[in-house]
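Remarks on the structure that follows.
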Amino acid sequence: GLYDHMFLEAEACLDLHRLSPGAAWLAIVRYFETIIVACKYGSSKTGNERWRRVTLITGWGRHRHVWQQSDVKQFVCDRLDERRIKWRQLANVGRLSVDLDT
């Protein structure tokens, strides 16, 4: 589908570069739903443990055009906070770690 190219399975992360805030949030929701289904129907415990923490790549905002007012990272952080989903800023300021084991 539309969001499939953003999912990096080997790294358990989702790349949200070049998306609007709304499109980024839809991609995150789809990503989380996919993870929940995989964990629910997964056959190995190790596979399920792998998805307890995922990375969202929002970027730093360096490539945003002057006319763009939106901030994908802030929008995503606000939505995660509203839903009480634990997250933390990684050393790379363009990445967030999300704890799905809450």
Output the peptides 22-28, 90-96, 79-85 sorted from most to least packed, where packing is the average of other Cβ atoms within 10 Å over each peptide's residues.
22-28, 90-96, 79-85
So how far apart, in nm, are the two label points at Leu26 and Arg84 if each is 7 Å from Cα heading toward Cβ?
2.9
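Values quoted throughout were computed directly from the atomic coordinates according to the rules given, and no laboratory measurement underlies them. Worth saying up front: this structure is predicted, and the values here are computed from it rather than measured. Glycine also receives a Cβ, built like all others from the backbone with ideal geometry; neighbour counts cover every protein chain displayed.
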